[in-house]
1. Quick one: how many residues across region 27-58 are among the small types (G, A, S), surrounded by fewer than 13 Cβ atoms within 10 Å (Cβ to Cβ) and either at pLDDT below 90 or in contact with a Gly (Cβ under 7 Å, 6 or more places away or on another chain) (or both)?
2. Six or more apart or on different chains, Cβ atoms under 7 Å: show the pairs whose first residue is in region 26-42 and more than 14 Å from E57 (Cβ to Cβ) and among the acidic types (D, E) and whose second is at pLDDT 95 or above and surrounded by 15 or more Cβ atoms within 10 Å (Cβ to Cβ).
3. Just to verify a result, which residue in region 1-26, among those that are assigned to a loop (DSSP other than H, G, I, E, B) and modelled with pLDDT under 80, is surrounded by the fewest Cβ atoms within 10 Å (Cβ to Cβ)?
Amino acid sequence: MKKHIGISLFFMGCFLSLSATNYLVATNGDDSNAGTLDKPFVTLQEAQSKALPGDIEE
């Protein structure tokens, strides 16, 4: 039973991480950008304001 719960939690974690969005921050960015690799934000606050639970700010 514990094995089945562990396997279920593992797969739930995998599926949740697939829907996560990465928001990037760089000193040469701009807060009007989309937060992507090519167009990062300049402040962590902007990345945090766009992020939803499970998203990643880098």
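1. So the count comes out to 1.
2. If the second residue must be at pLDDT 95 or above and surrounded by 15 or more Cβ atoms within 10 Å (Cβ to Cβ), the pairs left are D30/V42.
3. This residue is M1.
The values are calculated or read from the model by the stated rules, or taken from the named source; none is laboratory data. Note that the structure is a prediction, hence the values are computed from the model and not measured. Counting neighbours? That spans all protein chains shown, and the Cβs are built from the backbone with ideal geometry, glycine included.
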